[in-house]
Structure formats: C-alpha cells, structure tokens
Amino acid sequence: MSDQLSKESLEYQARAREVAERYIRPLAAAHDRSGEYAWAVVDALKEYELTGLWIPKEYGGHGRGVLDLCLVVEQLSRACGGIGVAYAVNALGSFPIILGGTEEQKQHYLPPIAKGEKLVAFGLSEKASGSDAGSLITTAIQDGDHYVLNGEKKWNTNGEVATYYTVYALTDPDKGIRGISAFILERNTPGFTVGKREDTMGIRAVPVNELHFDNCRVPASALLGGKTGTGFKNAMMTLDRARPGVAAQGVGLAQGAFEWAMRYASERKQFGQSVSSFQANQFCLADMATQIEAARALVYSSARLIDSGAKNISKLAAMGKVFATDTAMKVATDAVQMFGGYGFCRDYPIEKYMRDAKITQIYEGTNQVQRMVIGRALTNEYKNLDKELDVKIEHFPEA
Ligand code: CAA
C-alpha cells in the first residue's frame, strides 16, 4: 500500500517506524509490567518531529491530516498498543479545539500540544454514560462570569499525565443532548482532581483514569467556542475524526502480531519440519495477511475521505474502526494460537498483542455503536433507492 502514499507521508511513516524500533520495542514489555508512562518515547517523538501532525500550521502543527496520523499510530502500535494510543489520544483531545475552539483558545492551547510539551485527554464518558453518550450528568452551571462543574468522568486515557482536558458537561440540564457544552480545563484548576487509575487488561503502558469535579470553577473563557449547547455535536465530530486513529492502532497491532507469528512459525519445528510448512498454518497466515491488508486499505481510505473535507464521514470512519479492530483481535488471537503453549506465557511477546487488541473493539465507541452508526447512515443513504431504480420490488417476473 506504500506505493499510494506521498513522499511526505512515507517520510512520516519511516520516522515513526524508527521511533518504534529504537525506543518502543525494547521497552514495551517493561512498560506493560510497570505501567510507567514512556516519557522517553515522548522525547523521541519530539526529536523526530512527529508530535502535533494533525494540528494546523498556524497553531504550530504540521498541518497534516488524519492519514498521516494513522500512519504514525500504526507504526507505534506495531511495537506497543499502549504507547500507540498514548500518542493517538492527543488527537482525540485536541480535535474538539480545532473543530470548535475560538481563535484565542486555539492560539493558547494548540501550540504546546503541537510541540509535544503538553498532553491532552478527552472527557466524555461517565460511569453510567458510555455508548449513550448523550445521557451524561456532569453539570456546568453558570455563575456570573464563571461555570461551576460537578460530577465525574470515566475512561480518560492519558488522564494522569495530561495538562489539558476537553470535558463535556450539561450547562442546561433540562435540554438533554442540546444542553451539553464543551470546556477546556487545565490540570491545576481548583476543584478538579484526577482520580482512580484503572487496572486494565491491556494497554497497560498508558494510564486510564477517572476525573472528578467538585465545585470546580472555571472562567467563561474555558467554554469551548464561547457557545453553550454545541458540545454533543462537537464530541460526535471529534469521534468521527479520531476513530481512524483507533483503527490504525488495530492495523498496527495486527501487523505486529502477524510478524511475530510468521517468525515463530518459521523457526518452530515439529514432526521434523517448520510448523509454517503445514497447510493448516499456511491458510491461517494467509487469512491473517489478507485481513490486515483489507483493514489497512479501509482505514487509509476513511482517513483520506476525512482529509478531503467531505461532509459525510461517519460511515466510513465507523467501518474502518469496526473492521480494523475486529481484525486486530482475530489476528492477535490466531497469533497466540500459532505460538502454542508459549503464546500463553508472558515470556513471549505475543499475549500482550491479544490483551492490547481487546480494548480497540471497545473504546472510542464500541464496535456495536459503530455498526449502529453504519446502519443509520445506510438507512439514510438508501431511502430513495426505490425511486432512483424505478423498479418495483414485487415486479420480478414469475418463474
Ligand atoms: N456529526 C455531527 N453531528 C452528529 C453526529 C456526527 N457524527 N452524530 C450525531 N450528531 C448530531 C445529530 O445530528 C443530532 O443533532 P440534532 O439534534 O440537531 O438533529 C444529535 O447529534 C443527536 O444525534 P443522535 O440522535 O444520533 O444521538 P444518539 O443519542 O442516538 O447517539 C451515538 C448517537 C452514535 C450512539 C453516540 O451517542 C455515540 O457515538 N456513542 C458512543 C460514544 C463514544 O464513542 N464514546 C467513547 C468516548 S472516548 C473513550 O473511549 C475514552 C478514551 O480516552 C479513548
């Protein structure tokens, strides 16, 4: 697929691969065990000028799009899914500002994110509000020229290492979804604390935290775009643009797991021959490689569609997320199987791919939600097919 990429995109991809091989792969197992944040990788990403690719040039970024973001996330995730998402979540956290921030907010928040000096997290989900994102109950009630936030957020990837947080809350609780507004919070705001770190199955190199707001007063300038009631749309538009990043994490994990499976199957001998020479394993490896290539093509095309400025991007973004992350889980599971008993042991790198892959089917919208998004888009797209085709469905000739 690389022959379809521009020279600039290939350069970003090559630099990301180098960071992955030199700085991530040697440390992946240790960070998985310790849960320590890989600050050395953040330094390497700065050195290799890979931070803030998706941020417009006027705010200190590279002015590149979602495709280049995906290329980088894929390479990082090939070596470690946790470190891959630690990078990608900065796009999830900064898209709300790019899409809906005032000029002052963009000038203030985007340059340090672009330079990799500040990390950003995204606060939408709550304990009782996951797939039904519009049912959130955190409030932000106006008090003069301030808003007072109360409530808590759940599943904040990069929670305890971020400096900035895009947070969604009800400014008008009677209006439901239309009463949701977005805010940009800074770490040291009184009344705001980063809470419990989740003890996760995979992506253990990255912290996932709760956020707590206890009479947390923020100035009106923290209201994203200076407008109330636009938060839900902003969150949905953000997720449309960020989901290819999770999909790319899936492609990277699948590719990484596949490469280990190829190596192991070639080296491991049973019945006097390498296990890769058995037809059952060849078919399995062929399916893995085919699924990865198909996932990559879908993810890149969803990213290209977004970068083209097209309006209707939700369906393809969701398709890429479903297909690539289901592929990641399947390929990683098959790769563990290829390793036999060793695949089940932490001495070998493969079980981590299976643990890291699982969350990609869940976060940034479960794959069930993605199918819902795709289904709704299809219903809308095909509602006029009857008129367009000018053929009545019951008018097939009788046999
Ligand atoms: N773009 C713009 N506007 C959109 C939109 C989109 N993609 N999708 C919906 N909207 C608008 C609709 O047009 C509608 O606006 P009007 O009222 O003006 O008509 C409004 O939003 C409500 O839309 P729906 O009726 O479709 O909303 P819904 O309640 O049925 O929810 C949903 C739709 C797709 C299920 C949505 O709730 C959803 O995406 N849920 C999953 C949330 C999610 O992905 N959470 C993950 C959070 S991040 C994370 O995991 C943590 C991390 O750190 C990685």
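Structure summary
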| read-out | value |
| --- | --- |
| Candidate set from the range 362-375 (those that are in contact (Cβ under 8 Å) with a residue 60 or more places away in the chain and of a type outside the set (Asp, Glu)); member that is surrounded by the fewest Cβ atoms within 10 Å (Cβ to Cβ) | 368 |
| Matching residues in the range 342-372 - criterion: being among the aliphatic types (A, V, I, L, M) and assigned to a loop (DSSP other than H, G, I, E, B) | 362 |
| Residue list for the range 295-342, filter: within 15 Å of the ligand (Cβ to nearest atom) and basic (Lys, Arg) | 311, 315, 321 |
| Residue list for the range 337-360, filter: without any contact (Cβ under 8 Å) to a residue 40 or more places away in the chain and crowded, with 18+ Cβ neighbours inside 10 Å | 343, 351 |
| Residue in the range 112-124 that is surrounded by fewer than 16 Cβ atoms within 10 Å (Cβ to Cβ), part of a loop (DSSP other than H, G, I, E, B), basic (Lys, Arg) and under 23 Å from the mean Cα position of the chain (by Cα) present | yes |
| Candidates 134, 151 - the one that is open to solvent by 10 Å² or more (accessible area, probe 1.4 Å), more than 14 Å from the ligand (Cβ to nearest atom) and among the small types (Gly, Ala, Ser) | 151 |
| Yes/no for residue 51 being of a type in the set (Val, Ile, Thr), more than 16 Å from the ligand (Cβ to nearest atom) and over 21 Å from the mean Cα position of the chain (by Cα) | no |
| Residue count, the range 233-267 (criterion: near the ligand (Cβ under 10 Å from one of its atoms) and open to solvent by 40 Å² or more (accessible area, probe 1.4 Å)) | 4 |
| Looking only at the range 154-191, and only at residues there that are polar (S, T, N, Q) and open to solvent by less than 10 Å² (accessible area, probe 1.4 Å), the one that is nearest to residue 98 (Cα to Cα) | 166 |
| Lone unmet requirement of (1) under 22 Å from the mean Cα position of the chain (by Cα); (2) surrounded by fewer than 22 Cβ atoms within 10 Å (Cβ to Cβ); (3) within 16 Å of the ligand (Cβ to nearest atom) for residue 378 | (1) |
| Flag for residue 323 being open to solvent by 50 Å² or more (accessible area, probe 1.4 Å) and touching an Asp or Glu at 6+ places or on another chain (Cβ under 7 Å) | no |
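Residues are listed down the side, and each one gets a yes or a no for (1) open to solvent by less than 30 Å² (accessible area, probe 1.4 Å); (2) more than 21 Å from the chain's Cα centre (by Cα); (3) modelled with pLDDT of 95 or more:
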residue	(1), (2), (3)
193	no, yes, yes
196	no, yes, yes
201	no, no, yes
209	yes, no, yes
212	no, yes, yes
223	yes, yes, yes
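The values are calculated or read from the model by the stated rules, or taken from the named source; none is laboratory data. Since the structure is predicted, the reported quantities are computational estimates derived from the model, not experimental observations. Because the Cβ atoms are built from the backbone with ideal geometry, glycine has one as well, and the counts that use them run over all protein chains shown. Heads up: the accessible areas ignore ligands, DNA and RNA and are worked out on the full protein's heavy atoms, side chains in. Shrake-Rupley method; radii C 1.70, N 1.55, O 1.52, S 1.80 Å.
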